[in-house]
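K.L.:
Once you've had a glance at the structure underneath, I'll fire off some questions.
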Amino acid sequence: TRISPERIGDWQHPVSTARGLYASRWDLEQYPAIVRLDPDNGTEEVVAALGLTDPSSFTATADGATLYAASFFADWRPTDGERVVSDLSMIDAASGTVRRITTTAHLWHPAVSADGRHLVAVQGSGPYTRLVEVDPQSGSTRVLFSVAGASVFNPAIAPDGTRIALVLNRGGIQDVVVIGYAEALAGSRAQDDPHAPVEDVNAGLARHVLGPDAFGEYFPTWNGNDRLLFSSDRSGSLALYEANLA
C-alpha cells in the first residue's frame, strides 16, 4: 500500500512516533520539508519547511512532540568569504517552531533517545567523522565515540537507551557496530573545537554485529532492544537483514 502522496517526489527516512509517521520530503512543487504522512489516505502535513543536510538528517522523540534536524546555514564570519556549515535545530511539532541549537558545529545524522533525554549526532572534521552528544540547550558537544582514520554514520539509539548502533567506515570497510551508551558517556571528552582531529575515543567499545568484512552494511535501526535491522550487499545485491544481538 502506497503511503506517500501520488505525485513525483522523494519521501525518505520514515520515523514512526505516537503522533504519526514523519518523513523528509523533496519534490518539484514545494520547498523541502519534514512532513507527517497519513497512511490511511496518502496525504501529508508539513511539520517544518526546511532543507535537510541529507534525507537521514532528522530524528524524533517517541511521543513525536520534538524533532531535531540538520540543515545548512551560512557563516559570514570568516574573513575569506562566506562558508556553509551544517548545524542542528529543534522543532516543536505542535507549533512548527524551529530553533537553531548549534553554531558552526558541523553536525548531521542526529538521533534522539525515545524519552528525549539524550541527543547524539555525527560531527565532521577534515575527511573523518565522530559521534558526539549534543546539549540541546547550550549546543555544547562531547565526543562519545571515534576511531582515528575512520568515519561514522547514521547512529540509532536503542528504545531503552542503553546502546547505540552506528556505521563505522575504516579504509573502505564499512560495518555496523554497537556501543554501550553509559560506557561511552563515562569515557567521553568535551569537544569545543569542531575542527579538532578525529582521534581514538572509546574506540575499544565497538562491538561488530558482523565482520569486519568486505561487505557493506548501512542504515541500522532498532527493532526492540535486542534486534537490529540494517541493509547490506553481502548477498550480491542490497537487501534487508535482522541481527539478534542476544
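K.L.:
Based on Cβ point charges of +1 for Lys and Arg and -1 for Asp and Glu, what charge dipole magnitude is obtained for the chain about its Cα centre, in debye rounded to the nearest 20?
P.N.:
Working: 18 positive and 30 negative charges, 51 e Å.
That gives the chain a dipole magnitude of about 240 debye.
K.L.:
Take residue 221 and residue 241, extend 7 Å from each Cα along the Cα→Cβ direction, and tell me the distance between the two endpoints in nm.
P.N.:
The two pseudo-label positions are separated by 1.8 nm.
K.L.:
Report the convex hull volume per residue for region 147-205, counting only C-alpha atoms, in Å³.
P.N.:
91 Å³
K.L.:
In terms of the ratio Rg/(2.2 N^0.38 Å) built on C-alpha atoms, what value belongs to the chain?
P.N.:
Numbers: Rg = 17.8 Å, N = 246, 2.2 N^0.38 = 17.8 Å.
Here the answer is 1.00, to two decimals.
K.L.:
Hey, another quick one. Please list 162-175, 226-239, 199-212 highest first by mean number of surrounding beta-carbon atoms within 10 Å per residue. Intermediate values should be presented prior to the final figure.
P.N.:
Numbers: 162-175: 18.6, 226-239: 14.1, 199-212: 15.6.
Listed from highest to lowest mean packing, they are 162-175, 199-212, 226-239.
K.L.:
Principal axes first, then extents: for the Cα atoms of region 1-136, list largest minus smallest coordinate on each axis, whole Å, largest first.
P.N.:
Each principal axis gives a Cα extent; for region 1-136 these are 51, 35, 28 Å.
K.L.:
If contacts are Cα pairs under 8 angstrom and at least 6 residues apart, what is the relative contact order of region 1-153 in percent? Write out the running numbers ahead of the final one.
P.N.:
Numbers: 373 pairs, mean separation 21.6, N = 153.
It rounds to 14 percent for region 1-153.
K.L.:
What is the spin-label model distance, in nm, from residue 72 to residue 193 if the labels are put 7 Å beyond Cα along the C-beta direction?
P.N.:
2.7 nm
K.L.:
What Kirkwood radius, in Å to one decimal, follows from the Cα pairs of region 181-246? Write out the running numbers ahead of the final one.
P.N.:
Values: mean 1/r = 0.0693 Å⁻¹.
Every distinct Cα pair counted, the radius reaches 14.4 Å.
K.L.:
So, in nm, how far is label residue 97 from label residue 207 when the simple model puts each one 7 Å beyond its Cα toward the Cβ?
P.N.:
The two pseudo-label positions are separated by 4.1 nm.
K.L.:
Further question: Please state, to two decimals, what the Cα-based radius of gyration of region 116-246 comes to when divided by 2.2 N^0.38 Å (N = residues). All intermediate terms of the calculation are to be shown ahead of the outcome.
P.N.:
Details: Rg = 14.3 Å, N = 131, 2.2 N^0.38 = 14.0 Å.
Region 116-246 yields a ratio of 1.02.
Where a number appears in this text, it was derived from the coordinates with a stated rule and is not lab data. The model shown is predicted, which means the values in this text are computed figures rather than measured ones. Quick reminder, even Gly has a Cβ in these numbers, built from the backbone with ideal geometry, and neighbours come from all protein chains shown.
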